[in-house]
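**Q** Structure in structure tokens, see below.
The values are calculated or read from the model by the stated rules, or taken from the named source; none is laboratory data. Every value quoted in this text rests on a predicted model; they were computed, and no experiment measured them. Backbone-built Cβ (ideal geometry, glycine too); neighbour counts: all protein chains shown. Side chains are part of the model used for accessible areas, which takes the heavy atoms of the whole protein and leaves out ligands, DNA and RNA. Shrake-Rupley method; radii C 1.70, N 1.55, O 1.52, S 1.80 Å.
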Amino acid sequence: MAAGFKTVEPLEYYRKFLKESCRPDGRELTQFRTTTINIGSITTADGSALAKLGNCTVICGIKAEFAAPLADTPSKGYIVPNVELTPLCSSRFRPGPPGEEAQMASQFIADVIDNSQMILKEDLCISSGKLVWVLYCDFICLDYDGNLLDTCVCALVAALRNVRLPAVKINEDTGLAEVNLKTTSPLKILKHPIATSFAVFDDTFLLVDPTGEEESLATGLLTIVMDEDERLCSIRKPGGSALSPEKLQECISRAITRHKEVQSLVNEVLESVKSEK
Amino acid sequence: MLPQKQTCCWAGCIWWLQPTLRGIGATPPLLHYVFLLACHRPRCLLLINSFLTGDTSVLAGVYGPAEIKVSKELHDKATIEVILRPKVGLPAIQEKSQELLIRETCESAIMGALHPRSSITIVLQIVSDAGSLLACCLNAACTALMDAGLPLRYLFCGVTCVLDTDGHLTLDPSSKQQKESRAVLILAIESVENKVLTVASRGAYSATELQQSIAAAQVAAQKIFKFYRDSARRRYSKS
């Protein structure tokens with residue numbers, strides 16, 4: 001009976017739950033789904049991580065390559081994020097060039113990296129004006145179930161902490177780069193931005209970590225990216241229900257607690273990866 | 001039964017020159033608006049040329065509700081498309097993400113359910129960029145929608161705030177101020193309850209700074225809405 005009601009009147013079905021301040025999957029309104037992070041899942045990449053929020057799964061692989069720096073920024077490397085939403089993860093996506101949502105996610109991740117200053121681009125310089133590192137961060141969504149941005153940012157932070165770059169020396173005589181794969185060093189990560197997404201339901205209810213279904217029924221979406229100093233690195237609220245400043249403040253407070261949760265989870269996983277070795 | 005398609009077609013066209021908000025708080029307010037409605041008339045186009053002084057300006061056109069490809073058709077509401085054309089070259093990923101932001105803002109204002117299975121297209125042509133471009137695009141889009149006579153839930157306007165290294169807040173920055181700033185916030189405010197519709201940002205800032213920016217933007221929004229009203233009045237009192 002309930003299943004039938006849900007198919008016919010999904011919105012009414014949700015409203016019945018929200019009236020009692022809970023959700024059909026048993027969560028409270030401010031509760032995240034179970035977050036799982038696996039670090040170092042791809043051995044051929046320079047750094048990788050798999051992040052899962054409930055069913056939503058994103059794998060991130062980071063590959064470092066040499067490149068010539070841009071003429072106006074000779075001592076800066078660059079980071080190129082790319083999000084792929086393949087037909088594998090949801091029937092909403094079609095094969096072919098990246099769709100609007102994938103482009104938006106890629107741009108969002110690039111903005112988060114720039115705004116948060118998590119990595120100094122100068123640290124990626126090998127030889128000024130000649131050679132720099134490019135970090136290609138590829139995200140592949142394996143299962144799309146809402147809240148893609150949070151999952152991607154989680155995967156990004158975890159994967160970047162897993163990156164180990166080999167030592168590179170430029171040979172004076174030949175001018176060629178010599179890579180020493182035996183001595184590797186981790187990246188210097190200054191900030192750990194974490195995203196927290198909300199869905200607005202009927203202009204009143206704020207739901208944390210919406211599932212795919214909740215996202216499609218919601219009247220508005222909001223993503224807040226916060227770093228450990230409680231500074232906002234990015235807010236994305238593309239239209240939808242209008243929010244009062246007080247409601248926004250509520251969301252920011254939730255984002256602060258969420259940051260602590262994820263930060264400790266990432267640290268825990270990194271510790272366990274280290275102790276295994 | 002599917003709702004009937006509407007056959008009538010509205011079209012609106014707006015040339016929006018970003019009004020300056022730099023004088024907010026100061027008396028007398030330094031507002032030098034140049035605002036021309038219905039610039040598809042060649043007479044107006046001539047006027048615009050003489051008014052161009054290097055400030056940000058965007059030309060906006062609204063077409064719809066019109067016929068739509070079956071693949072893009074939505075059975076319960078209108079499909080809203082925003083096309084943002086840069087001054088030179090082809091639209092890049094940056095424009096694409098701005099288009100998305102403008103589209104979603106317009107979508108929440110337009111009563112799409114009134115025009116099922118039809119398209120509403122908003123074309124924004126950047127004419128000159130002297131800072132606060134995205135806010136300018138939002139303003140142009142809203143006034144164009146207004147001019148087209150499409151039923152809207154509320155009006156909206158875009159306000160850009162910049163924060164410099166001392167935490168000093170400036171509204172409606174020039175492109176130089178924008179480049180030198182620590183953080184840029186683009187806020188869209190709606191006219192009915194004065195709440196925040198859209199937020200986009202660059203750079204890092206604290207929650208208090210965000211709240212200050214919102215408060216400033218809400219004050220500025222009142223000026224812009226008054227300006228909308230005055231312009232509409234001027235337009236309809238003539239001819």
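**Q** For region A:70-129, state which trypsin sites (Lys or Arg not before Pro) are in a DSSP loop and have at most 12 other beta carbons lying within 10 Å of their beta carbon.
**A** Those that pass, being in a loop and sparsely packed, are A:Arg92.
**Q** How long are the semi-axes of the equivalent ellipsoid of chain A, taking √(5λ) for every eigenvalue λ of the Cα gyration tensor, in whole Å from largest down?
**A** Ellipsoid half-lengths, sorted descending, are 38, 18, 18 Å.
**Q** Can you order the peptides A:248-257, A:134-143 by their average number of other Cβ atoms within 10 Å per residue, highest first?
**A** Highest to lowest by the protection proxy: A:134-143, A:248-257.
**Q** Here is a further query. Quick one: Cα centre-to-centre distance for region A:181-206 and region A:209-261, in angstrom?
**A** Value for the Cα centre distance between the two parts: 12 Å.
**Q** Compute the FRET efficiency between A:Asp229 and B:Leu74 as 1/(1 + (r/R0)^6), taking r as their Cβ-Cβ distance and R0 = 41 Å, and round to the nearest 0.05.
**A** 0.45
**Q** Taking accessible area as the heavy-atom solvent-accessible surface of the protein chains with a 1.4 Å probe, which residues of region B:98-141 lose no less than 40 Å² upon going from the isolated chain to the full protein assembly?
**A** Correct list: B:Leu100, B:Glu104.
**Q** Report the FRET efficiency, 1/(1 + (r/R0)^6), for B:Leu90 and A:Arg94, where r is their Cβ-Cβ distance and R0 is 30 Å, rounded to 0.05.
**A** The formula returns an efficiency of 0.85 here.
**Q** How crowded by other chains is B:84-93, given as the mean number of beta carbons from other chains within 10 Å of each beta carbon?
**A** The mean count of partner-chain Cβ atoms within 10 Å per residue comes to 1.
**Q** Same structure, new question: Show me the ranking of peptides A:260-269, A:78-87, A:4-13 by mean Cβ neighbours inside 10 Å, starting with the highest.
**A** Put in order of decreasing packing, that is A:78-87, A:260-269, A:4-13.
**Q** What is the magnitude of the charge dipole of chain A about its Cα centre, with +1 placed on the Cβ of each Lys and Arg, -1 on the Cβ of each Asp and Glu, and no other charges, expressed in debye to the nearest 20?
**A** Here chain A has a charge dipole of around 340 debye.
**Q** Order of A:123-131, A:175-183 by packing, highest average Cβ count within 10 Å first?
**A** Highest mean packing first, the order is A:123-131, A:175-183.
**Q** Going 7 Å from the Cα of B:Ala113 in the Cα-to-Cβ direction, what parts of region A:217-239 have a backbone nitrogen less than 16 Å from that spot?
**A** A:217-220
**Q** Still on this structure, please answer the following. Share of Cα-Cα pairs in the protein assembly as shown beyond 33 Å, in percent?
**A** 44 percent
**Q** Over all residues in B:142-153, what is the mean tally of Cβ atoms on other chains that come within 10 Å of each residue's Cβ?
**A** The mean count of partner-chain Cβ atoms within 10 Å per residue comes to 0.
**Q** Lys and Arg at +1, Asp and Glu at -1: add these up for the other residues within a Cβ distance under 11 Å of A:Phe205 and post the number.
**A** Residues near A:Phe205 contribute +1 overall.
**Q** Something else now. Between A:Ser216 and A:Asp202, how many nm apart are label points set 7 Å from Cα along the C-beta direction?
**A** 2.1 nm
**Q** While we're on this one: Could you compute the FRET efficiency for A:Glu9 and A:Gln31, with r as their C-beta to C-beta distance and R0 at 30 Å, rounded to 0.05?
**A** Computed FRET efficiency for A:Glu9 and A:Gln31 comes out at 0.75.
**Q** Shifting gears a bit: Using the basic label-point model (7 angstrom from Cα toward the beta carbon), what is the A:Lys16 to B:Tyr236 distance in nanometres?
**A** 4.6 nm
**Q** In peptide A:240-247, what is the residue-averaged number of other protein chain Cβ atoms found within 10 Å of each Cβ?
**A** If you average over the peptide's residues, the count of other-chain Cβ atoms is 6.
**Q** Just to be sure I follow: if Rg is taken over the C-alpha atoms of region A:1-46 and Rh is the Kirkwood radius over the same atoms, what is Rg/Rh?
**A** My calculation puts Rg/Rh at 1.31.
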